[in-house]
Amino acid sequence: MGDDKKTIFSGMQPSGFITLGNYLGALKNWTLLQDEYNCLYCIVDLHAITVRQDPAALRKQSRDLLMQYIAAGLDPEKNIIYYQSHVSGHAELGWILNCFTYMGELSRMTQFKEKSQKHAENINAGLFTYPVLMAADILLYQTDLVPVGDDQRQHLEMARDIAIRFNNIYGDVFKVPEAYIGKAGARIMALQDPEKKMSKSDENKNNTILLLDEPNVIMNKIKRSVTDSGNEIVYRDDKPGIKNLMNIYSAVTGKTNDAISEEFANSGYGDFKVAVGEAVVAELEPLQQKFKELSKDKKYIDQIIKDNTAKANYLASKTLSKVQKKVGFPPKVR
Ligand code: TYM
């Protein structure tokens, strides 16, 4: 990473199987940015344990997620793809940044409010300080750009605030990162309840399309998705179901909303749903095929993990040493 390319960092929680929302809001954009930037794409397992996880399932989901990154088109030679728990700098910087973050700002985070309602039996301190660890992830690599879905906007703002606050005290230590939020795919909604976002932890399986769902499952879920009683394919707030399907179709095909309305001017919802389903299946089939191949090649995946972890650790230690020095920790004696 000695060139003058800018740096990208982003990540996903291995807290379940990833959805079409994760793909269209984040992963697909990552694959489009990999040539122009130096990119780090993390599997954020430290974040995942803010909610109780089954250990064996978490391990499998983490590895499956890493393979889905690659299957989606991220080149492991060009991008640094790794597990957050393998680079201790995340947790170390997270601690330091905790001491530069206020309880008041953390308690305003929408995601914390939502998750503490959903997991009322387990409102742990990690859930509360989650955005600080996320800031550490980003700031650790002097990141310029963070490609995420719209739901991460508030966390990104906080990472910027923490960076600016720290820099004001100690000089220019951190790059202040910018969010990169795509258009059509930024907020994909639940298929049966298009007023709420599609989420990998949703208990209603008909709300989500998983990246690894079989083609006929994808078709059926889209055909069954909730729409209003009309029949026009137009992009309007009072038609949240159709709006969501148009977002999906647009994110997959690159077509504008006007072009989509025109294409389906003489069709009803049924035809439109079939077209959306077919487009999604066509988009995901090559990914699923690649995923199957990668699953058989344990040695190759292990080598990727080994090489990329070393690269991430090297970069992380550069920022971490600088921060440790700035705050006044004694130098290491070698
Ligand atoms: P996570 O695992 O919830 O989601 C991963 C990515 O998918 C996006 N996303 C969506 N985009 C569109 N529509 C949806 N319905 C949808 N659901 C999820 C998210 O915006 C995200 O980009 N806190 C992060 C993980 C994280 C991270 C980071 C991200 C930890 N450290 C540092 C960027 C930089 C999260 O929970 O993502």
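Please work out how much length the chain gains when fully extended from residue 317 to residue 220, using 0.36 nm per residue of separation minus the C-alpha to C-alpha distance, in nm with one decimal.
Net length gain for the segment: 30.1 nm.
What angle, in degrees between 0 and 90 and rounded to the nearest 10, separates the Cα long axis of helix 298-327 from the longest principal axis of the Cα atoms of the chain?
Value to nearest ten degrees: 50.
So how do 115, 6 rank on accessible area, 1.4 Å probe, biggest first, that is with the largest at the start?
Order by accessible area, largest first: 6, 115.
Just want the answer: with Cβ charges of +1 for Lys and Arg and -1 for Asp and Glu, which residue in 324, 61, 152 is farthest toward the dipole's positive end in the chain?
It is 324.
In whole percent, what relative contact order does the range 200-321 give with Cα contacts below 8 Å and a gap of six or more residues?
That works out to 25 percent.
Probe 1.4 Å, all protein chains in place: accessible area of residue 315 in Å², nearest 10?
Accessible area of residue 315: about 30 Å².
Please calculate the 1.4 Å probe accessible area of residue 178, with all protein chains present, and give it to the nearest 10 Å².
Using a 1.4 Å probe on the heavy atoms, I get roughly 100 Å².
Here is the link list: 113/243; 5/200; 221/292; 113/221. Which ones come out longer than 24 Å on Cα distance?
113/243; 5/200; 113/221
With each run of n ≥ 4 DSSP H residues scored as -39500 (n - 2.57), what mean residue ellipticity at 222 nm is computed for the chain after dividing by its residue count and rounding to the nearest 500 deg cm²/dmol?
Using -39500 (n - 2.57) per qualifying helix, the result is -16500 deg cm²/dmol.
Between the range 73-104 and the range 1-46, how many Å separate their Cα centres?
So the two Cα centres are separated by 13 Å.
So what does residue 224 come to for accessible area, using a 1.4 Å probe and Å² rounded to 10?
Its accessible surface works out to 130 Å², give or take rounding.
With an 8 Å cut-off on Cα pairs and a minimum separation of 6 or more residues, tell me the relative contact order of the chain in percent.
22 percent
Under a point-charge model restricted to the Cβ atoms of Lys and Arg (+1) and Asp and Glu (-1), what is the dipole moment magnitude of the range 205-292 relative to its Cα centre, in debye to the nearest 20?
Rounded to the nearest 20 debye, it is 380 debye.
Please give the helix 269-295 orientation as an angle from the longest Cα principal axis of the chain, in degrees from 0 to 90, rounded to the nearest 10.
Result, in degrees: 40.
Take the eigenvalues of the Cα gyration tensor for the chain, scale each by 5, and report the square roots as semi-axes in whole Å, largest first.
They are 36, 22, 19 Å, listed largest first.
Expressed as a whole number of Å, what is the distance separating the alpha-carbon centroids of the range 186-259 and the range 108-169?
Computed from Cα coordinates, the inter-centre distance equals 27 Å.
With angles folded into 0 to 90 degrees, how steeply does helix 55-71 sit against the dominant principal axis of the chain? Use alpha carbons for both and round to 10.
So the inclination is approximately 70 degrees.
When only C-alpha pairs under 8 Å and at least 6 residues apart count, what is the relative contact order of the range 147-192, in percent? Numbers along the way, then the final one.
Working: 35 pairs, mean separation 24.7, N = 46.
Relative CO of the range 147-192 lands at 54 percent.
Tell me which aspartates and glutamates have Cα within less than 15 Å of residue 290's Cα, excluding those fewer than 8 residues away on the same chain?
Cross-link targets: 64, 75, 213, 214.
The values are calculated or read from the model by the stated rules, or taken from the named source; none is laboratory data. Owing to the predicted nature of the structure, the values given are computational and were not obtained by experimental measurement. Reconstructed Cβ throughout: ideal geometry from the backbone, glycine too, with neighbour counts over all protein chains shown. Note: accessible area is taken over every heavy atom of the protein model, side chains too, but ligands, DNA and RNA are not part of it. Shrake-Rupley method; radii C 1.70, N 1.55, O 1.52, S 1.80 Å.
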